[in-house]
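The values are calculated or read from the model by the stated rules, or taken from the named source; none is laboratory data. Note that the structure is a prediction, hence the values are computed from the model and not measured. Glycine gets a Cβ as well: all are built from the backbone with ideal geometry, and neighbour counts include every protein chain shown. To get the accessible areas, we keep the full protein, side chains included, count just its heavy atoms, and leave off ligands, DNA and RNA. Shrake-Rupley method; radii C 1.70, N 1.55, O 1.52, S 1.80 Å.
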Amino acid sequence: MLTGVPTVKQTAVYVYQTPVRIWHWVNALSITILAITGYLIANPLPTLPGEASDHYLMGNMRFFHFAAAYVFIVGFIFRIYWAIVGNSYSHQLFTLPFWRRSFWSELVHELRWYAFLEKEPRKYVGHNPLAHLFMVVIITVGGLVMIVTGLALYSEQTGLGSWQDELFGWVIPFVGQSQDVRMWHHWGMWVIVVFVMLHVYTAIREDIMSRQSLISTMISGWRMFKDDRP
Amino acid sequence: MAMTETFYEVMRRQGITRRSFLKFCSLTATALGLEPAFAGKIAEAMETKPRTPVLWLHGLECTCCSESFIRSAHPLASDVVLSMISLDYDDVIMASAGHQAEAILTEIREKYKGNYILAVEGNPPLNQDGMSCIIGGRPFVEQLKEVAADCKAVISWGSCASWGCVQAAHPNPTQAVPVHEVITDKPIIKVPGCPPIAEVMTGVITYMLTFDRIPELDRQGRPKMFYGQRIHDKCYRRPHFDAGQFVEDWDDEGARKGYCLYKMGCKGPTTYNACSTVRWNNGVSFPIQSGHGCIGCSEDGFWDKGSFYDHVTNTHVFGIEANADKVGIAAAGTVGAAVTAHAAVSAIQRIKQRAGEHHEENDKT
């Protein structure tokens, strides 16, 4: 090693492995389809003229909703598997360091950064604490709630005795009745829509204003740091 | 119980011909979805089995279940079934009254201990020691508990007995509760609906007497054969739903053409009942066929689930009524505006910072 050369800090870390990146974009697509078709199932498009046999609009809408839902579910299960076999950053979606005090103090710091009260954000290789909290609550817990309520509603058409009914039919009397499950599933959609808005905005903003790369990381997998300071 | 008459004997005594009796047996077998051979089995059961006494109690209710039951439009069924089930006590339609009537309850309880069916229409209110419903000078809840103690099984007629219905709707001043919250040690068959369909009522009771067992029930205690599917699953307007053809207004072209009533708040997709197959009044019609959406009367707490005329109904949480779409759109709009404002402030901040850094650099040189 040559002397006199300043010790260069690591400026790039491989964070998101390929399967995680593929999952992210597939998930983004399925959520988009689910939200649009879901909204249109609850609030159908204007009536179509002609014979009933000329159209299959609601049928198709429901088909795309169910197809996207299965993609979302398979992705979710795969993501759990990857949390087990993947790198340490892949666990973050399923673990929240609830008892670690620094997590909460850093969370406050992050909130202050968004409130323009801090001059500079901290550097994070994985999620920052605020993002981490949101990911766990909305994507993991929220996603699970949507899967469970969604499969319970799906079991209504697959019928008594189907696997959806055997596994998730109990949800309907547990929540109240079918209409209640529908409404909670619908509320869930809006929660996720609002989350997506915040997620896209903060990702762009962080990419510009924070000290690390965000959007390109979800494409290439590499987290680039813009400075060498700690 | 050697002295007990069989169903057949009772029917013959009441002037029903053997021919009518056999017709009834085959029709019942068909109604229950059984193969032809079962007509003979039903006939045999009725000829040989002693009548099972049914005690029919009335709690807090409107008697619409009885009104429905006595209109069982099945040919002969109204006459035959009423004799057949050996309805030993039903304070609404029985001839005897007063102490004479109440004595029957005690008599049946002792004579047929563990062998009679208890049918309950309505439900017991628990507030003020049950004072909101008095039968024979005593709170209904006491009568219910006493009679239920020795019964074989309980049939909860209608949404009152099954779920609570209108008297249990918010704020439920009398604290009316469904039967299964008071009687916990007996099998309970829920036959919800406001009222239940007449043929569903007679079908359930015939099944229990014929096979001497309770019908197969779903998770919530309803007979699968009548409550296994939703109105929506068997609705004759379903093709219009799948096509995306809806009634948008009560007097529009779609309403005249008989399009799907989903947008008018039809609860067919969330309601488990047999209306779209068995229909009402001798199979003449049912709400959707007459142009009005299903209000979901056989579902738990249907009075408190928002408007009958909205598909996206209000959700009641913490005493606040809110519509998911309205709140969702408002929230998305607010967040959108907040994000835009935040982005603007961020940009200004950054320009300022840049300018500051520029100054510093200029100062250094």
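Residues in the stretch B:237-254 that are in contact (Cβ under 8 Å) with a residue 12 or more places away in the chain and open to solvent by 30 Å² or more (accessible area, probe 1.4 Å): B:Arg238, B:His240, B:Glu248, B:Trp250. The criterion of at least 1 residues that are away from chain A (no Cβ under 14 Å) is met by the following helices (runs of 4 or more DSSP H) wholly inside the stretch B:210-308: B:275-278. Checking the structure you have, find out if any residue of the stretch A:167-187 is under 28 Å from B:Ala343 (Cβ atoms), open to solvent by 20 Å² or more (accessible area, probe 1.4 Å) and either basic (Lys, Arg) or facing chain B (nearest Cβ under 10 Å) (or both). Within the stretch A:167-187, one or more residues are under 28 Å from B:Ala343 (Cβ atoms), open to solvent by 20 Å² or more (accessible area, probe 1.4 Å) and either basic (Lys, Arg) or facing chain B (nearest Cβ under 10 Å) (or both). Considering the stretch A:135-165, the residues that are assigned to a helix (DSSP H, G or I) and within 10 Å of another protein chain (Cβ to nearest Cβ) include one that is most open to solvent (accessible area, probe 1.4 Å), namely A:Gln157.
The residue list B:Lys267, B:Lys190, B:Lys234 contains one member that is closer than 30 Å to B:Asp150 by Cα, without any contact (Cβ under 8 Å) to a residue 60 or more places away in the chain and not aromatic (Phe, Trp, Tyr), which is B:Lys190.
Can you tell me which of B:Ala343, B:Ala330 is facing chain A (nearest Cβ under 9 Å) and small (Gly, Ala, Ser)?
The unique qualifying residue is B:Ala343.
For the stretch B:1-48, the tally of residues that are open to solvent by less than 60 Å² (accessible area, probe 1.4 Å), over 30 Å from the mean Cα position of the chain (by Cα) and at pLDDT below 80 stands at 5. Looking across the stretch B:278-291, the residues that are modelled with pLDDT under 95 and either crowded, with 17+ Cβ neighbours inside 10 Å or among the aromatic types (Phe, Trp, Tyr) (or both) come down to B:Val278, B:Arg279, B:Trp280.
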